[in-house]
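Take a look at the structure set out below.
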There are 2 protein chains.
Amino acid sequence: MHLATSLLLTDLYQLNMIEAYLRYGETKTAVFEFFVRKLPSRRGFLVAAGLEQALDFLEGMRFTDEELGWLERSGRFGSRFLDDLAKLRFTGDVHAMPEGSVFFANEPILRVTAPLPEAQLAETRLINILHYQSLIASKAARMVLAAPGKLLVDFGLRRAHGAESGLLLARASYIAGFAGTATVLAEREFGIPAYGTMAHSFIEVFANESAAFEAFAQAHPENLVLLIDTYNTEEAARKVVALAPRLKAQGIRIRGVRLDSGDLAVLSKIVRRILDDGGLKDTVIFASGGLDEDDLAAFAREGAPIDGFGLGTSLAVSSDAPALDCAYKLQEYAGKPRRKLSPGKETWPGRKQVWRRYDSDGIMAGDFLSLEDDRQGGRPLLELVMKGGKRVKGRPPLAEARARTQREMERLPPGLRTLSPDYAYPVAISRSLAELAEEAGRRIEAAQKPL
Amino acid sequence: MHLATSLLLTDLYQLNMIEAYLRYGETKTAVFEFFVRKLPSRRGFLVAAGLEQALDFLEGMRFTDEELGWLERSGRFGSRFLDDLAKLRFTGDVHAMPEGSVFFANEPILRVTAPLPEAQLAETRLINILHYQSLIASKAARMVLAAPGKLLVDFGLRRAHGAESGLLLARASYIAGFAGTATVLAEREFGIPAYGTMAHSFIEVFANESAAFEAFAQAHPENLVLLIDTYNTEEAARKVVALAPRLKAQGIRIRGVRLDSGDLAVLSKIVRRILDDGGLKDTVIFASGGLDEDDLAAFAREGAPIDGFGLGTSLAVSSDAPALDCAYKLQEYAGKPRRKLSPGKETWPGRKQVWRRYDSDGIMAGDFLSLEDDRQGGRPLLELVMKGGKRVKGRPPLAEARARTQREMERLPPGLRTLSPDYAYPVAISRSLAELAEEAGRRIEAAQKPL
């Protein structure tokens, strides 16, 4: 599946504005940055994801003849503009934090430097791509924190918001440390391991549960996980014990059981005992059913003997915070910093860099937001990833982003390693940036005066 | 843009189960129903949407050679199964509530009657399609209720979860009564009117705000709406008044202004006065900026003179309830009712119909959930829409669904016409259905006994 590439997947105002830009020759270099204004409540950090799809979009940015024909028939635009649109490609540069990076409010994770019409046309879909995967990687990271050492699998496709969301959520959660996904296409597209057990409908089709277990085991002896909550979980666990020797004689091992309803903390202990007493100490317990990271944390506190989890809805829609307050803002145009002064939405102008410092134990100690050329201590996080409309390197393997998240999460300050962080990670604004913001504000206000 | 059609966009367990079904000859007729188990809090009703895309999916259901080749190389499945998959098409029947119907918990909005493997394979994507559009139509309906007589426009694409979500949210909100969308592709795909104004970046590009307004007006004289909150809203409103006569001389009318930040209730009153005093009584005020239905209701209470609203994030992700607790459940197989007994997830077995009664004023008085052939009073809501894998009628115009929602919302009981309903609409269970559920439960429990 290729992601949607139509450039009509944009807001009408982008086209209206670009027509005006072209008419007035406003095609000079613009700098836009994508950042999150404010973290959702109970969130101490975010994880950047979606960059590869963003770069794919920019590399492929063009209107098809069919789309141009439709725009013409819509009667909204002049033919000269449509000729310009036909030629439009993305020729700019992109700086970005690599996927899997931990980031904070006001820190750009992507910067576009390009002729204004190109940078403007990219806005809607770039936000759409970066927002969703960063949202999900950030949510998934919380689940990983809450369930150390557990196998986490994305079960979210059915309740995800549409097809693309369903596919990309597998990718974003894998970056954050999930073991895999139930979504077959995600294995094909991204090489993410696909996991699958069985549904209640399978059990219900057969005359009784034991018959269903046996039938499934013989049809699917590999990685055999039996769903045991369709009728009565305890009884089903005993049926699994009864069935095991018969299957063993045929060389089939029951790898695990899955619980999907009821009080999972209690049931998992009962089931663990039944399995252990029945000689199935190696059979793991897998749980699912409307779980979120708070449930995972509760299971850990209660010592529930659950080895892995399927996370569906809460992951797919980032249930506690289904959107990030993000923006793609013009920071510079024609060499001059630009700035919005709307109350509560003031932005930091100019081309920026984020610098990260670590303490002597390698734990993150604070970030600096500065102008790009104003070097600060620490490691710069934004790097050049696209030059003149082309990627500067090949496509990094997904495992690289996944390893980065793991590494960065190990270096998170302890105050951020909980589900309800009591600690705001320090992001300082460099003096030169603060001065530029003030100066740009003054200049803009002055320019507004002559009414 | 065609919606994603890959049959690999499914859960791995579906393929595992289907292989087992085929192996054991379990290919008899299965009946699955899609319904919502429980309404989100503060919701008194839902609006069905997504049926046309669901039917498109079923009509096009097939594996490509490429997909089959990949499945073979994955090593998970036998060649006999892959041959069966290659031949698999959807040959079943579908009953459904027409799009735009108001529905309640436990009421099926779609029923699939088909050979078990086909009905099972359809599950994941069918839920994915029906869930999202119903979610958004239901959210949008709240916004329509909260802002009677106002022009509502979908601004949600950028924060929607992926491309498909961005496109379909325009469709679902239009069904619920929105006037249009900012998403260009939605006009092309569905004929939904596209609306567009201008962004802050446009203002910031020009030397000052007045110059930006004038440039935009001359480039886009039609439906001219000027964004006035980039620097100082009141001053910008005065600039609009100052500019109006000059534009009028050129035959250009300022249709409206848009506010996107600040205290919109207060600002809209100030701006209204400035516009009125400046002779721009016909210039409308349009507002946007992180609004949801509670904001709309507050504006109505406060008498804010705002004529239209752009709804973005809260609509696109259904912010207060980003998912519905929905299911696609096996209700009958091989002529016998089926039923899950998992605690808290018991389902009503059998093929069902929903009957709706109205009082003498035409207001909805209560629904009956019954077995299909157990006729009750009132109007049956589920109708045959697909027979033997083909639509029984053509594709109804979108306007039909939109008119249906409007009609049904006019007939909602007053207790449901608020954002925090204090009234649970009565959905009664027919005696025959209750008896069947009990009987099926007993039969299933009995079958489990012989361990």
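The values are calculated or read from the model by the stated rules, or taken from the named source; none is laboratory data. Fair warning: this is a prediction, and the values are worked out from it, not measured in the lab. Virtual Cβ from ideal backbone geometry, glycine too; neighbours counted across all protein chains shown.
See the values below:
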quantity: Which numbered condition residue A:120 misses (of (1) closer than 17 Å to residue A:331 by Cα; (2) crowded, with 24+ Cβ neighbours inside 10 Å; (3) in contact with a Leu (Cβ under 6 Å, 6 or more places away or on another chain)); calculated: (3)
quantity: Selection status of residue B:178, buried (at least 22 other Cβ atoms within 10 Å of the Cβ), within 22 Å of the chain's Cα centre (by Cα) and aromatic (Phe, Trp, Tyr); calculated: yes
quantity: Qualifying residues in the stretch A:147-175 (those that are small (Gly, Ala, Ser) and surrounded by fewer than 24 Cβ atoms within 10 Å (Cβ to Cβ)) - the one nearest to the chain's Cα centre (by Cα); calculated: A:147
quantity: Residues of the stretch A:273-302 satisfying the condition of being of a type in the set (Asp, Glu) and either over 36 Å from the mean Cα position of the chain (by Cα) or under 15 Å from residue A:224 (Cα atoms) (or both); calculated: A:276, A:277, A:282
quantity: Residue list for the stretch B:311-339, restricted to those being closer than 30 Å to residue B:286 by Cα and within 10 Å of chain A (Cβ to nearest Cβ); calculated: B:312, B:313, B:314, B:316, B:317, B:318, B:319, B:320, B:321, B:322, B:323
quantity: Exclusive hit being closer than 30 Å to residue A:142 by Cα and facing another protein chain (nearest Cβ under 10 Å), set A:53, A:14; calculated: A:53
quantity: Every residue from the stretch B:1-43 that is part of a helix (DSSP H, G or I) and charged (D, E, K, R); calculated: B:19, B:23
quantity: Number of the exception - residue A:296 against (1) part of a strand (DSSP E or B); (2) more than 9 Å from every other protein chain (Cβ to nearest Cβ); (3) buried (at least 20 other Cβ atoms within 10 Å of the Cβ); calculated: (1)
quantity: Single condition residue A:68 does not satisfy, out of (1) hydrophobic (A, V, I, L, M, F, W, C); (2) under 30 Å from residue A:413 (Cα atoms); (3) surrounded by fewer than 21 Cβ atoms within 10 Å (Cβ to Cβ); calculated: (2)
quantity: Within the stretch B:1-11, considering residues that are facing another protein chain (nearest Cβ under 7 Å) and under 24 Å from residue B:185 (Cβ atoms), the one modelled with the lowest pLDDT; calculated: B:1
quantity: Tally of residues being over 15 Å from residue B:336 (Cα atoms), within 14 Å of another protein chain (Cβ to nearest Cβ) and buried (at least 16 other Cβ atoms within 10 Å of the Cβ) across the stretch B:400-451; calculated: 1
quantity: Residue in the stretch A:329-337 that is surrounded by 13 or more Cβ atoms within 10 Å (Cβ to Cβ) and either within 28 Å of residue A:179 (Cα to Cα) or under 22 Å from the mean Cα position of the chain (by Cα) (or both) present; calculated: yes
quantity: Entirely in the stretch B:115-202, the helices (runs of 4 or more DSSP H) that have 1 or more residues that are of a type in the set (Phe, Trp, Tyr) and outside the structural domain of residue B:295 (by TED's automatic domain parsing); calculated: B:116-146
quantity: Criterion: surrounded by 24 or more Cβ atoms within 10 Å (Cβ to Cβ), of a type in the set (Asp, Glu) and either more than 7 Å from chain B (Cβ to nearest Cβ) or in contact with a strand residue (DSSP E or B) (Cβ under 8 Å, 6 or more places away or on another chain) (or both) - qualifying residue of A:204, A:189, A:214, A:209; calculated: A:204
quantity: Residue, farthest from the other protein chains (Cβ to nearest Cβ), within the stretch B:258-284, restricted to residues that are surrounded by 14 or more Cβ atoms within 10 Å (Cβ to Cβ), under 16 Å from residue B:303 (Cα atoms) and of a type in the set (Lys, Arg); calculated: B:272
quantity: Check on residue A:350, in the same structural domain as residue A:334 (by TED's automatic domain parsing), buried (at least 19 other Cβ atoms within 10 Å of the Cβ) and part of a loop (DSSP other than H, G, I, E, B); calculated: yes
quantity: Single match in B:115, B:98 (criterion: surrounded by fewer than 24 Cβ atoms within 10 Å (Cβ to Cβ), under 11 Å from residue B:32 (Cα atoms), more than 9 Å from chain A (Cβ to nearest Cβ) and at pLDDT 95 or above); calculated: B:115
quantity: Conditions (1) in contact (Cβ under 8 Å) with a residue 24 or more places away in the chain; (2) touching a helix residue (DSSP H, G or I) at 6+ places or on another chain (Cβ under 9 Å); (3) among the polar types (S, T, N, Q); number of the one not met by residue B:347; calculated: (1)
quantity: Flag for residue A:39 being outside the structural domain of residue A:184 (by TED's automatic domain parsing) and in contact with a helix residue (DSSP H, G or I) (Cβ under 7 Å, 6 or more places away or on another chain); calculated: no
quantity: Candidates A:361, A:374, A:325, filtered to the one that is in contact (Cβ under 8 Å) with a residue 60 or more places away in the chain and among the charged types (D, E, K, R); calculated: A:325
quantity: Single residue of the stretch A:302-346 satisfying the filter (assigned to a strand (DSSP E or B) and among the hydrophobic types (A, V, I, L, M, F, W, C)) that is nearest to residue B:321 (Cα to Cα); calculated: A:311
quantity: The lone exception for residue B:79 - which of (1) more than 14 Å from chain A (Cβ to nearest Cβ); (2) modelled with pLDDT of 95 or more it fails; calculated: (2)
quantity: Verdict on residue A:379 being out of contact with any helix residue (DSSP H, G or I) (no Cβ under 6 Å at 6 or more places or on another chain), away from chain B (no Cβ under 14 Å), of a type outside the set (Phe, Trp, Tyr) and farther than 30 Å from residue B:259 by Cα; calculated: yes
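Per-residue answers, yes or no, for (1) in contact with a Lys or Arg (Cβ under 6 Å, 6 or more places away or on another chain); (2) more than 21 Å from residue B:396 (Cα to Cα); (3) in contact (Cβ under 8 Å) with a residue 40 or more places away in the chain:
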position	(1), (2), (3)
B:63	no, yes, yes
B:70	yes, yes, yes
B:78	no, yes, yes
B:81	no, yes, yes
B:84	no, yes, yes
B:88	no, yes, no
B:99	no, no, yes
